[in-house]
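First comes the structure, then the notes that go with it.
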Amino acid sequence: MKNSFFLNSIRFVVLLLFQVLILNHIRLNGFINPYVYILFILLLPLNISGWLLLILGFFTGLSVDLFMGTPGLHAGATVFMAFMRPTIIRVLSRGKDLEKIVEPSINTMGSSWFFFYSLFLVSLHHIVLFFFEAFNMNQLGDTLLRIVASIPVSEIFILLIVYFFRSQKKS
Amino acid sequence: MHNLIRFFQKNYFVLLFLLLEIVSVLLLVSYQPYHNRIASSVMGDFAHSFLNIRSNIVGYFHLKTENKRLVEENTHLLNFIEHSRHDTLKKAGQTDSIFTFIPARVVNITTHYRTNYIVINKGTEDGIEQNMGIISSEGVVGIITDVSKHFATAMSLLHKQIHVSVRFKNNHHLAQVQWEGRNPEIGIIRHIPTHLTLLEGDSVVTSGNSFLFPEGVLVGTIKKLITSENEDLNAATIRFATDFNSLRQVYVLKNTFRSEFDSLINKQRHEE
């Protein structure tokens, strides 16, 4: 338990710094910005209590907001994502035995499970994020374009990181 | 009472979610572009100091291009002095240099939102106030929206609410520049009367009608003319003179007669 707390704290700091110092200054095609900090929420232990999951989601988002000057934007999207996480896990893991598994990862859950798990949650996060950013329905087309363009980019970044660190552990 | 407690115990996950989501939305809504408080709050200052450190480090990698740009600017300014020496006698009667420049460095900039902001490393202690114009050596950058002690936030030209009053350099006709909305290089001018002949590549400069910018600062050059078929007003896209993706050194324009202008305009409003 102590070990998991330590690991997650390190992961939080590293992902936050990676997001605000490097990724936030990358612009693909002028307006696509990959959001990878949500990987922290994806990788939290499976048996984490609900209130802690939501609070962590809120503060992760708020930390990113702090650096981007957008209070509430990422916080709202990340809380929603944290809220949906247990449901997505339940839906995807029907018939699987989750008792022995501590943390969701490619090693413990399999590649395809992790792909859909991250894809669903990244999509939910981005949908809320871009609708919060627009805050109206006038620019629906533009908002949808941003959502559709950003989801694959973030997803690819997240999968690359996860694969990279998996191979590190094995060797 | 017992039922109520049990209700909370049972549904605390949903209730906590709703609470946090409401807090997020309140934060988001209370963040007004013009009167935001985040820059002056402790949290905002902490984030800005952090970004300042980042900017210091990354700054080294841009020294070469930055030097080149400063040299170009220097030559331009030197030429300017040369010219003005000849005109000194002519201009003695009409001093129109009501703007002073405060150099500042960009510590954070966004270009991918629909409302983009710039954070600079000068604040109230350096004499920065709300609603001051910002330019770079290349052209117009934006307008200061909020100031804290050591930092200031500005909405850049890449903001869905910005309107800059401009003039076409070749015929002095007034117009307003807005951002196109997605591409950080492209702006748009709407409502151009059809009788105006404009060429692609023509310069668009500030009009000098506001107290934010002096007259004649480059905003961009016309990229493409869009002739409308049913309306009698054309439009044009412009390429911004400022490259927001590589922006580092900026100048805040301090209008020395600002308070005088403001009181004059307020008086006018009262009379109405």
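The values are calculated or read from the model by the stated rules, or taken from the named source; none is laboratory data. These numbers come from a predicted model, not from an experiment. Note that we place each Cβ from the backbone using ideal geometry, even for glycine, and neighbour counts take in every protein chain shown. Heavy atoms of the whole protein, side chains included, go into the accessibility calculation; ligands, DNA and RNA do not. Shrake-Rupley method; radii C 1.70, N 1.55, O 1.52, S 1.80 Å.
Peptide B:10-23 has a mean of 5 when you count, residue by residue, the C-beta atoms of other protein chains within 10 Å of its C-beta.
Under 12 Å from the Cβ of B:V141, count the other residues' Cβ atoms, weight Lys and Arg +1, Asp and Glu -1, and hand me the total. Don't skip to the end; give the middle numbers.
Details: positive: B:R248; negative: B:E138, B:D243.
That sum, taken over residues with Cβ under 12 Å, equals -1.
Beyond 26 Å in Cα-Cα separation lie the following of the pairs B:K160/B:K224; B:K160/B:K267; B:K169/B:K254; B:K169/B:K224: B:K160/B:K267.
Of the trypsin sites (Lys or Arg not before Pro) found in the range A:5-106, those in coil by DSSP whose Cβ has at most 12 other Cβ atoms within 10 Å are A:R94, A:K96, A:K100.
Buried accessible surface for the B/A pair, both sides summed and rounded to the nearest 100, is 3500 Å² with a 1.4 Å probe.
A simple packing score, the average count of other Cβ atoms within 10 Å per residue, orders the peptides B:16-27, B:155-166, B:109-120 as B:109-120, B:155-166, B:16-27, with the highest score first.
The share of accessible area on the range A:2-170 that comes from carbon and sulfur is 72 percent, using a 1.4 angstrom probe. What net charge is computed for the residues neighbouring B:T237, neighbours being all others with C-beta under 13 Å from the C-beta of B:T237, Lys and Arg scored +1, Asp and Glu -1? Its environment carries a net charge of +1. Go through B:T110, A:V79, B:L158 and say which Cα lies farthest out towards the positive end of the charge dipole of the protein assembly as shown; charges sit on Cβ, +1 for Lys and Arg, -1 for Asp and Glu. It is A:V79, whose Cα lies furthest towards the positive end.
Give, as ranges by residue number, the residues of the range B:125-157 whose backbone N falls under 18 Å from the point 7 Å along Cα→Cβ of B:F80. Answer for this model: B:133-142. Residues of the range A:105-141 buried by at least 30 Å² of accessible area upon assembly of all protein chains, compared with the chain on its own (1.4 Å probe): A:F132, A:E133, A:F135, A:Q139. Other residues lying with their Cβ under 12 Å from the Cβ of A:A77 contribute a combined charge of -3, Lys and Arg counting +1, Asp and Glu -1. Sparse packing (at most 11 other Cβ atoms within 10 Å of the Cβ) combined with a DSSP loop state is found for the following GluC sites (Glu not before Pro) in the range B:214-265: B:E215, B:E229, B:E231. Using a 1.4 Å probe, what is the accessible area per residue for the range A:91-171, in Å²? Per-residue accessible area for the range A:91-171 comes out at 57 Å².
Of the residues making up the range B:174-190, those losing 30 Å² or more of accessible area when the isolated chain is joined by the remaining protein chains, with a 1.4 Å probe, are B:R182. Structure remark: mean-square fluctuation, Gaussian network model of chain A, C-alpha springs under 10 Å; the largest value among A:L21, A:L46, A:L119 belongs to A:L21.
Ignoring any ligand, DNA or RNA, what whole percent of the accessible area of the range B:164-241 comes from carbon and sulfur when the probe is 1.4 angstrom? Intermediate results must be reported in sequence, preceding the final value.
Working: 1970 of 4140 Å².
Here carbon and sulfur together make up 48 percent of the probe-accessible area.
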